[in-house]
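Reviewing the structure listed below.
The values are calculated or read from the model by the stated rules, or taken from the named source; none is laboratory data. In this text, all values refer to a predicted model and were calculated from it rather than measured experimentally. Every residue, glycine among them, receives a Cβ derived from its backbone with ideal geometry; neighbour counts consider all protein chains shown. Heads up: the accessible areas ignore ligands, DNA and RNA and are worked out on the full protein's heavy atoms, side chains in. Shrake-Rupley method; radii C 1.70, N 1.55, O 1.52, S 1.80 Å.
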Amino acid sequence: MTPTLAPASMREVMSRFATGVIVLTVGGEHIHGMTANAFTSVSLEPPLLLCCVSRSAVMHKSVSAERRFAVSIMGADQEPLARYFADKERPLGPAQFDTVDWRPGPRTGAPLLHGALAWLECELTESHDSGDHSIFIGTVLSSSRGTGEDGLLFFDGKYRRTAS
């Protein structure tokens, strides 16, 4: 079947769907961070989540190589951090974390960003190519919750805040 919807039209329509904002990180030799919103829980038993990453992204190579990753769920006051990890002009490798407050995840070594609402550490268990992205499914190895209450959302091409 031939797609009939132009990418710009698809982006415009999908911008009307509000999503949470995460920063996906990988530690080790392929340390990297990336802001994302294509993320969701898949299963509680066993605990699984998924994130979708463009096959042309640096993060795709990092997750594929390390096979472990972490998710920091962004709080309402973390828009600057979300913008930073979405900026293709930032440094790559370890240098991208030089100005960021983080700690290595105890299970994966992937950066867990300070001030996030919650953190998850995962082991890559499945990968599925679909269109120009891969769907990475991770088994959750650990999870923890921060103290913040208001979340960062992305809607209509802009960052927004939830209200308690």
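Skip the ligands, DNA and RNA, and give the accessible area per residue of segment 63-164 with a 1.4 Å probe, whole Å².
55 Å²
How about segment 64-164: which GluC sites (Glu not before Pro) there lie in a loop by DSSP and see at most 14 other Cβ atoms within 10 Å?
E89, E149
Please return the longest range in the chain lying between exposed loop sites, taking trypsin sites (Lys or Arg not before Pro), DSSP loop only, at most 11 other beta-carbon atoms within 10 Å, and leaving the sites out.
Longest run free of exposed loop sites: 89-164.
What is the magnitude of the charge dipole of the chain about its Cα centre, with +1 placed on the Cβ of each Lys and Arg, -1 on the Cβ of each Asp and Glu, and no other charges, expressed in debye to the nearest 20? Let's see the in-between values first.
Numbers: 15 positive and 18 negative charges, 29 e Å.
Charge dipole, the chain, about its Cα centre: 140 debye, nearest 20.
List the residues of segment 51-74 whose backbone N lies under 13 Å from a point placed 7 Å from the Cα of M14 along the Cα-to-Cβ direction.
The answer is 51-55.
Sum -39500 (n - 2.57) across every DSSP H segment of at least 4 residues in the chain, then divide by the residue count to get the 222 nm mean residue ellipticity, nearest 500.
-4000 deg cm²/dmol
Given R₀ = 22 Å, FRET efficiency for E29-S142 by Cβ-Cβ distance, to 0.05? Don't jump to the answer; show the numbers that get you there.
Values: r = 21 Å, r/R0 = 0.97.
Efficiency, from the Cβ-Cβ distance: 0.55.
What relative contact order, as a whole-number percentage, does the chain give when Cα pairs under 8 Å and 6 or more residues apart are counted? Numbers along the way, then the final one.
Numbers: 343 pairs, mean separation 45.4, N = 164.
That works out to 28 percent.
Using the Cα centre of segment 1-91 as origin and beta-carbon charges of +1 (Lys, Arg) and -1 (Asp, Glu), tell me which of S15, T4, V26 is placed farthest towards the positive end of the dipole.
T4
To the nearest 20 Debye, how big is the dipole of segment 24-95 about its Cα centre, given +1 on the beta carbon of each Lys and Arg and -1 on that of each Asp and Glu?
It works out to roughly 260 debye.
Rounded, prolate or oblate: which one fits segment 103-164, using the alpha carbon gyration tensor with axes a ≥ b ≥ c (rounded when a/c is under 1.5, else prolate when a/b beats b/c, else oblate)?
Because a/c hits 1.5 or more and a/b fails to exceed b/c, segment 103-164 counts as oblate.
Report the extension gain between E89 and H128 in nm, rounded to one decimal, defined as 0.36 nm multiplied by the number of residues separating them, less their alpha carbon distance.
11.2 nm
On full extension of the chain, what length is gained from T162 through D77, given 0.36 nm per residue of separation minus the C-alpha to C-alpha distance?
29.6 nm
Towards the positive end of the charge dipole of the chain, with charges on Cβ (+1 Lys, Arg; -1 Asp, Glu), say which of P104, A76, P94 has the farthest Cα.
Toward the positive end, the furthest listed residue is A76.
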